[in-house]
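Quick notes on the structure that follows.
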Amino acid sequence: MPPRETWLVLGGGSSIGRAFARQAAAAGQGVLLAGREAAELERSAADLRLRHGVPASAMLFDALDLAGHAAFVRAAAALAEGRLHVLLAFGTMPSQAACEARPELARAMVETNLTGAAAVLTALAPLLRGQGGGTVVALGSVAGERGRPRNHLYGATKAALHTFLQGYAARHARHRVRVLTLLAGPVDTALTWPLPRLPFMASPQGFAAAAWRRAQRGSGQAHLPGIWAPVMAVIRALPNRIFNRLDL
C-alpha cells in the first residue's frame, strides 16, 4: 500500500472543496478541511473519517488574515501525514453591478481571490519545497480569459491569479512542485445560485471527480468541463468590434 499523503483543502466548506475532499478520502488520502466555519468543517471531517477511515481534520482559515498565514501553515504541517498537497478552492463573486455600486465589495473580492490566494500559496511554498515537492490545484475561471461586460471585475481577479500561478509553477518547478490551474466554467454552487441557468454548468461532484483525475496526471492549465476549451478559443479570437457588441 502506498504511503498516505494529505490534501489541504483551502475553502473546505465550499461545495467543490467538500466534493474534492471526498475524492481524496476515497483514494485513501488524509484531508485537512480549512475554512471559516468550524462546526461545519468538523462535521464534514467526521464524515470522512467514518466513511473512509482516513485522518481528516478541520482547520480555521481566513484568506484575509495575511498575518496569520504563517501560523496556519505550521499547524497544517503538524497535522499532515506524509506529503502535503493543496487545493485552492475559495473565492467570492459578487455581481458586476454590485461591485460598481459598492466599491467595498470589489475590494474584498480582489483581496480574497487574488491577494489572499497568492499570500497563502507563498506561505506554503517553503513547506512544499522542503518536503521534496507536492501538487497545487487551483480554481481559476474561464472568466479570466477575456474581460466580458457582465463580470470583468471578477474576471480580472482570476486573470491575475492565473498569471501568479504560472510564475509560481515556474519558480518552484525545480523543487518538484506541480501546479494545475483549472479554468473552470460555471459550477452549480453558492456562487452561481443567484444567476440564471448557465451553459455547460457542472455539478460540484462531477467537477471534483474530473479535477481529481487531472491532479493525478498533469500540471499546467486545463479547462473543466473540457467543452470550454473550444468555446473560449472562439471567444478569445473574436475581434473587438464584434465582441463588444455581444452581451456576454
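Any chance you could count how many residues in region 42-75 are within 21 Å of ARG4 (Cα to Cα) and small (Gly, Ala, Ser)?
Number satisfying all stated conditions: 8.
If ALA39 meets every condition in (1) small (Gly, Ala, Ser); (2) in a helix (DSSP H, G or I); (3) surrounded by 23 or more Cβ atoms within 10 Å (Cβ to Cβ) apart from one, which number is that one?
Looking at each condition in turn, ALA39 falls short on (3).
Restricting region 152-183 to residues that are of a type in the set (S, T, N, Q) and in a helix (DSSP H, G or I), which is nearest to ALA209 (Cα to Cα)?
GLN166
Cβ-Cβ under 7 Å, sequence separation 6+ or interchain: first residue in region 2-27 and farther than 22 Å from LEU127 by Cα and touching a residue at least 24 places away in the same chain (Cβ under 8 Å), partner surrounded by fewer than 21 Cβ atoms within 10 Å (Cβ to Cβ) and of a type in the set (S, T, N, Q). Which pairs?
Taking only residues 6 or more apart or on different chains, the pairs are SER14/THR189; SER15/THR189; ILE16/THR189; ALA19/GLN205.
On the basis of being touching a Phe, Trp or Tyr at 6+ places or on another chain (Cβ under 9 Å) and closer than 17 Å to ALA117 by Cα, does LEU183 make the cut?
So LEU183 fits the description; yes.
What residue, among those in region 5-36 that are in a strand (DSSP E or B) and of a type outside the set (A, V, I, L, M), is surrounded by the most Cβ atoms within 10 Å (Cβ to Cβ)?
Filtering first and then ranking leaves TRP7.
A short reminder: the numbers here are calculations on the coordinates, not readings from a lab. Predicted model, so just to flag it, every value in this text is computed and none were measured. FYI the Cβ positions are ideal-geometry reconstructions off the backbone, even for glycines, and counts take in every protein chain you see.
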